1. Report, by residue number, each residue of the stretch 267-289 that is part of a helix (DSSP H, G or I) and either open to solvent by less than 50 Å² (accessible area, probe 1.4 Å) or modelled with pLDDT under 90 (or both).
2. Kindly list the number of the only condition in (1) β-branched (Val, Ile, Thr); (2) surrounded by fewer than 24 Cβ atoms within 10 Å (Cβ to Cβ); (3) within 19 Å of the chain's Cα centre (by Cα) that fails for ILE396.
3. For the stretch 403-413, state whether one or more residues are touching a residue at least 12 places away in the same chain (Cβ under 8 Å), within 18 Å of the chain's Cα centre (by Cα) and assigned to a loop (DSSP other than H, G, I, E, B).
4. Would you mind telling me which numbered condition in (1) open to solvent by less than 10 Å² (accessible area, probe 1.4 Å); (2) closer than 25 Å to ALA329 by Cα; (3) under 17 Å from the mean Cα position of the chain (by Cα) SER417 fails?
5. Can you name the residue in the stretch 349-369 that is in contact (Cβ under 8 Å) with a residue 60 or more places away in the chain and of a type in the set (S, T, N, Q) and is also surrounded by the most Cβ atoms within 10 Å (Cβ to Cβ) among such residues?
6. On the basis of being of a type in the set (A, V, I, L, M, F, W, C), over 15 Å from the mean Cα position of the chain (by Cα) and modelled with pLDDT of 85 or more, does VAL356 make the cut?
7. Out of the stretch 99-126, which residues are open to solvent by 60 Å² or more (accessible area, probe 1.4 Å) and of a type in the set (D, E, K, R)?
Amino acid sequence: MLNLLDRVPFLGQIRHSPHTIWAMASIFLFIDTFIYALTVANLPDILQDTLHVSESSNGVVTAMFGIGAVFGGPIAGVLSDRLYFRWKLQLTAAFTYTTAGVVFYISKHYYQLLIFRFINGVASGIACTMLYSAVGDVYPADLLGFKVSIVYFANNIAYTIGPVVGQRLFDLNGIHGTSSIVIAFGIFEVFVLTLFIKDSLVLRDKLDLVQPPATALQDSSSSTCDASSRKDYPTTDEINGGVCLSPAGYSEVNSTTKAIQHKGQVIESEQPDIPLWRLVLRLPVLVATITIIASIGVQCTLEGMVPLHLDDKFGKSDSSMVFVIFGLALTILVPCVGSLSNWLIEKWGESMRYYVMFAGAIGTIFTMLIMALANTYAAMMVGYVLFAFTNLCMFIPSQSAFGDFVNYTKVDSMAQSYALSTLAWAIGAIALPPIGTALYSDYGFTKPLIGISTTICMLCAGSCLIFPIRERMRAKRQ
């Protein structure tokens, strides 16, 4: 069936285009986030008004999604790299979404809602790992900041409209209205994957192997390095000296080498994969993992606490508009942050990635202070919009760091790398929201928010400075 589809001229071109992978990754991440966002704004309606459970249960339900992602993401990443496929696991995620929708449709008790969120989390863990891996597979030559930002752009659109649609569907037909959309999207993904998507690893294998011309080799003969043997990224001096011919698309002095790399072609064959437990110990991966935990942890904590705070302090029981404002800010800012991140890294070296993440972490602390101390609804929204910017400064450079690291070192661990990204997201979603909502019941909004955000963001900021400090020490020794 799939081979016959490849023989259809127009459809065959679509199925073998890297741009199709990129476009479908954006569409599927939109679906993934939309399904998640459908229930975010109306959790108090479902849990408190319909199921009559305590406010602390809101954080537990949010955490169940993360627990499911912990199971789905790493398992999918290891299987994908070891068995060398992406498409079958993405199809598995689509069927899992459908299953989650069916469970949600029949939910009448609290435990059934927990099961739905867990299955939804498993599907999301698999899907996110495969989607980001697929983009890294077919665009190995570029810094992934901008491409990741466009995929995340689709995520933010879904985050913007999802709560509004979910609230309206729930008002019209309760849980059945929302769950029907989940089932429909799962079926849609199965259809699209079957007709339009080719496994990204198949496309990666078909990229022509291009050897650099003799002039390029002569220009770099004064200093060489084997990227596959490096434990971390090269130093800034090594990168800017035109030393390491790599598929990562870093800015080299030699223009010929740079032109070759920006064709999306791999110069050398890939090395065996790095085991998951060793991959996380590599400094660029470790710092990116910590940053995503901090970024998503604070964001998910707000998702659980903001609706409660708006109802208690400002008398706004419908919090969907808050998520619309936040989602719009993310949608508008994400391409800008992605482009800025790429430009800074290409102009001043890899250390700039970590300075951007550091600035995002410190900035997040100040935005949390604005939100926590706001006495008006408008002031709180100003803080929330500013948080959208600082959160993206943490998330976009760290999310692209996984793919950049794998492409640069030429190891066959793309899916496992992005499995760590999914795992980091899940940890942030699991650990902090239950703590936030539990503390809210005893201490209100201000103290828990300031305490949680300051602690985790200071830890993140400190880890982000390790790489630049190490690079400066290397430069002094040389």
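The values are calculated or read from the model by the stated rules, or taken from the named source; none is laboratory data. In this text, all values refer to a predicted model and were calculated from it rather than measured experimentally. With ideal geometry, Cβ positions are generated from the backbone for all residues, glycine too; neighbour counts draw on all protein chains shown. SASA here: full protein model, heavy atoms, side chains in, ligands and nucleic acids out. Shrake-Rupley method; radii C 1.70, N 1.55, O 1.52, S 1.80 Å.
1. LEU276, TRP277, ARG278, LEU279, LEU283, PRO284, VAL285, VAL287, ALA288, THR289 - these are the residues of the stretch 267-289 that are part of a helix (DSSP H, G or I) and either open to solvent by less than 50 Å² (accessible area, probe 1.4 Å) or modelled with pLDDT under 90 (or both).
2. Only one criterion is unmet by ILE396, namely (2).
3. Within the stretch 403-413, one or more residues are touching a residue at least 12 places away in the same chain (Cβ under 8 Å), within 18 Å of the chain's Cα centre (by Cα) and assigned to a loop (DSSP other than H, G, I, E, B).
4. So SER417 meets the others, but not (2).
5. Restricting to residues being in contact (Cβ under 8 Å) with a residue 60 or more places away in the chain and of a type in the set (S, T, N, Q), the top hit is THR364.
6. Yes.
7. Listed by number, the list holds a single entry, LYS108.
Here is a yes/no grid of residues against (1) surrounded by 22 or more Cβ atoms within 10 Å (Cβ to Cβ); (2) at pLDDT 80 or above; (3) over 20 Å from the mean Cα position of the chain (by Cα):
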| residue | (1), (2), (3) |
| --- | --- |
| VAL8 | no, no, yes |
| LEU11 | no, no, yes |
| PRO18 | no, no, no |
| ASP32 | yes, yes, no |
| TYR84 | no, yes, yes |
